[in-house]
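Take a look at the structure below.
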Amino acid sequence: MCDYSLQHVKSRPAKIGEQLTTRDFGLGTRGFSAPEDKNVAVCVLPGTELSFTTEVRRTRLWPWTTPVIIHKTAIFRRINRHDPLANHDALEFPDGQIVLLTRLTEGQRATVIQLPATGVETRALQPAACV
């Protein structure tokens, strides 16, 4: 998905294996773009797994927060769904920490390593109810 503030930016879905870069689109939020076209937002589905080339860096909100996240992998999540004016695009790191995509510094590179299963495949994998 792409955050609400990117709805007026040309966009396309992410593909497995492609390199993405965090980018400030000048609309009050950051998102992903492909290196070959920085004006197109690359939308990521919830559950997509990403691998960053270096430790992830975020902007500092408070003096006591560290700008470096020690992990290089994350899963894309949608949060704040109850609030249509809040940012929704976030990354969940292996330690459970969730960081809004808009809080990441610009220019970080990540590779899409796995897309989420589709609704049909997900239903097929769910266990049957116990009787």
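The values are calculated or read from the model by the stated rules, or taken from the named source; none is laboratory data. Model, not experiment: these values are computed from the prediction. Note that we place each Cβ from the backbone using ideal geometry, even for glycine, and neighbour counts take in every protein chain shown.
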Pairs, first over 17 Å from Thr54 (Cβ atoms) in the range 90-101, second of a type in the set (S, T, N, Q), C-beta under 6 Å, six or more apart: Leu100/Asn87
Residue in the range 36-82 that is nearest to Gln19 (Cα to Cα), counting only those that are assigned to a loop (DSSP other than H, G, I, E, B) and among the polar types (S, T, N, Q): Thr53
Check on Pro84, more than 24 Å from Ala117 (Cα to Cα) and not β-branched (Val, Ile, Thr): yes
Selection count, the range 84-99, where residues are part of a strand (DSSP E or B) and modelled with pLDDT of 90 or more: 5
Top-ranked residue of the range 57-93 - restricted to ones that are closer than 14 Å to Val44 by Cβ and of a type in the set (A, V, I, L, M), ranked as surrounded by the fewest Cβ atoms within 10 Å (Cβ to Cβ): Ile79
Residue tally, condition under 13 Å from Thr105 (Cα atoms) and surrounded by fewer than 14 Cβ atoms within 10 Å (Cβ to Cβ), over the range 11-23: 0
